[in-house]
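For reference, the structure discussed in these notes is given below.
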Amino acid sequence: MAGKSGRSINNVPESPIKKMLFSWEGILVIVFILVNIFCACFSEFYNLKSLLRQMPVYLAEVFLMLPMAYILVLGEIDISVGSIVCLCATMSCIVCNTGAPFVLVVITALVVGTLCGSVNGFILTRFQELPPMIVTLATQIIFRGIAEIILGSGGSISASNTDGFRLLAGKVGSVPYILFLVVIMAVIFAVILGKSTFGRRVYAIGTNRLTAYYSGIHVQKIRFIIYTVMGTISGLCALFIVSTSYGANTTTGNGFEMDAIAMAVFGGISSTGGKGNLAGGVISAFIIVCLRVGLGQRNVHAQVILLILGLLLIGAVALPNIIGQVKKAMKVKK
Amino acid sequence: MEKKSIVKKITGSREALLAVILILLFAVVSVISPSFLTVKSVTDMLKNNAVTMIMSLGMLCVMLVGGIDISIMSTLALSGMSIGMLLKYEYISNTVVAFAIALAIGTACGLLVGLVISRADVPPIIATMGFMYVFRAMGYLVSNGGEWASAAALGSFKDFATTKILGLSCVIWVIILCYVVFFFFMKWTRTGRKIYAVGSNANAAEVSGINVRNIKLLVYMIMGFLAGLGGAIQVSVYASAMPDMQLGGEMDVIAACVIGGVSMSGGRGTVLGALLGSLILATIAKALPLVGIDPLAQNTIKGVLILVVVVANVVLQRVADRSALKGREM
């Protein structure tokens, strides 16, 4: 069923409370609470205040998860987003260093991102036979390659005028702007995916592209729009990345595509298409953000955090499948 | 039967076309820079790209069954780092033992990946993405939090890359051995043909009595084995082991296969194609500085090349389909 999470532990729940508890989103909420309890026990510095202070670095990646969810629901994948972030960050730093007003910097990042996304979309819709993995692999290398050429032999650039970026990293009270923006964007993306005609069409394409095409959905138009939006959001993400580091280098955004995919898949969005919703994706994104902040406070190395994320990702997809298989085997025995 | 003309044969076969491109590439580069086509330069090129060349064989198998493996370079780092640390702290000193350990670790990693993909039905891209993080982090943990094993620590192990047998470096012999073995394995053994069968149509293969899950497990194990071998070779060629070696290199391996005509959806691709694909990539990387193009542009050119190859493939396929249709209408 479209809209429902791709995974559930128990598929015959009776009461609504039980239904909610056993749905993937219910499990994620429980995991979220457990992760927070764990982090609070693990690190004495872990509280709401420190969480809000350290969140922005990780929150930028949550933006990428939103359109990535659409692409995964289509049954496709985009591994070029990290490179788009790199190119956008580079370009915005360059424009910033020319002394242009900050509005222009924002526009540059968004336009460059949109252009990159539309290149992906153009190639993928023009040559529909091509697997998205290969095309975005090539553009991943190209976009980062262009950034490398622009950055030159030094390989890095720093923004000379950081006022605008400082403004972007500002706060209302102790809540950073980025958190508001993430929540607003998440709600918009979730409503469009879950409630609008456009969203239903995305599910239809993900479930069966040919059927969707024959029932009059402009499959290629929708794919083009989604890949382009993915680019625009990458530009947005790049702005916030620059606002935390005040610069860009050739490794900016490295691995972001994997993090975004991991968040979405852990949130129950199937990578084979047509299943999952953004509620799960957003909860899982916050689980990962909290986990990173909590472990980071006790100087747990980034690699160890990635190890945990990797295991979570594999476990989240493998466990329901294994449980399903065991159940099936038991039924056959009976 | 009418005999096809040579021109048609060349344009019809992917491998022949690639070979022509490779020869043209060689010719152009050696005209511009005569130092390119010397024995030393070519053997250096092969040695530096040994890892990609060997591992594209494993990726060929994985892609033939319609899968993908992006965890390979993490497996390489884990196995390479393990033997690096073992050599550094003098638990082992024998080159053969070091190779055996690297291969064993690689195969074990491949087995784990294969089990998760074939038994728990996790999509390959998701499973290998997870293991990419896991193995890389394990490599980091093995290295005691980022230690390197430098040339001095590796003892006699690094001599493997510099030893010559019959005038050729050991590393090149390993490449040749791998390609010969795989050429026969994929073409003439039962298991090799089964891999093609599963890739062309998994359901048909299942019905005709092939254990699809075991074949899937097998290809990821082969991939892991070759990644382990790659780890040992990487350590000996560069005479150092560090936890972040070949970071992002899996894309090169996939690119080599794609350029070599291996289909992402499975069932199509040959050992010769993988060889030519990885050779073309290696030649371009080596030739760019020689013909006076800034090495900074290397990645962009590589990306454009992949794009051009896959798009050209689609266009050619469309033309072929259309002409086939025309033939039927008449």
Would you kindly derive the ³J(HN,Hα) couplings of segment A:78-86 from the backbone phi angles with the Karplus curve 6.51 cos²θ - 1.76 cosθ + 1.60 (θ = phi - 60°), listing them in order in whole Hz, with x for Gly and Pro?
-> 10, 9, 9, 5, x, 6, 4, 4, 4
Chain A, convex hull of Cα, quarter of hull surface, nm² -> 19.5
Take segment A:191-334, compute every pairwise Cα distance, and split them into 5 Å bins from 0; I just need the percent in each bin.
-> 2, 8, 12, 16, 17, 15, 12, 9, 5, 2, 1, 0, 0
Residue B:16 paired with residue B:244, simple spin-label distance in nm, labels 7 Å along Cα-to-beta-carbon = 4.7
How much FRET efficiency would the formula 1/(1 + (r/R0)^6) give for residue A:245 and residue B:190, where r is the Cβ-Cβ distance and R0 is 45 Å, rounded to 0.05?
-> 0.20
Could you work out the per residue convex hull volume over the alpha carbons of the protein assembly as shown, in cubic angstrom?
-> 202
Along Cα→Cβ, 7 Å out, is where each label goes; now give me the distance between the ones at residue B:321 and residue A:175 in nm to one decimal.
-> 5.2
So the FRET efficiency between residue A:44 and residue B:291, C-beta based with R0 = 60 Å and rounded to 0.05, is 0.50
If the viscosity is 0.692 mPa s and the temperature 37 °C, what Stokes-Einstein diffusion coefficient in µm²/s follows for segment B:6-329 when Rh is the Kirkwood radius over Cα pairs?
-> 160
Centre separation in Å (Cα based) which lies between segment B:190-218 and segment A:28-94 = 40
Summing -39500 (n - 2.57) over every DSSP H run of at least 4 residues in the protein assembly as shown and dividing by its residue count gives a helix-only mean residue ellipticity at 222 nm, to the nearest 500 deg cm²/dmol, of -24500 deg cm²/dmol
For a label point 7 angstrom out from the Cα of residue B:163 toward its Cβ, which stretches of segment B:84-98 have the backbone nitrogen within less than 14 Å?
-> B:93-98
FRET efficiency estimate (nearest 0.05) - Cβ-Cβ, residue B:201 to residue B:304, R0 22 angstrom = 0.05
Ignoring the sites themselves, what is the longest stretch of chain B with no GluC sites (Glu not before Pro) in a DSSP loop and at most 13 other beta-carbon atoms within 10 Å?
-> B:91-330
Most fluctuating residue given options B:292, B:260, B:228, as computed from a GNM of chain B linking Cα atoms under 10 Å = B:292
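All of the numbers you see were taken from the coordinates with simple rules; none came from a lab. Please read all numbers here as calculations on a predicted model, not as lab measurements. Here the Cβ is made from the backbone with ideal geometry for all residues, glycine too, and neighbour counts use every protein chain on show.
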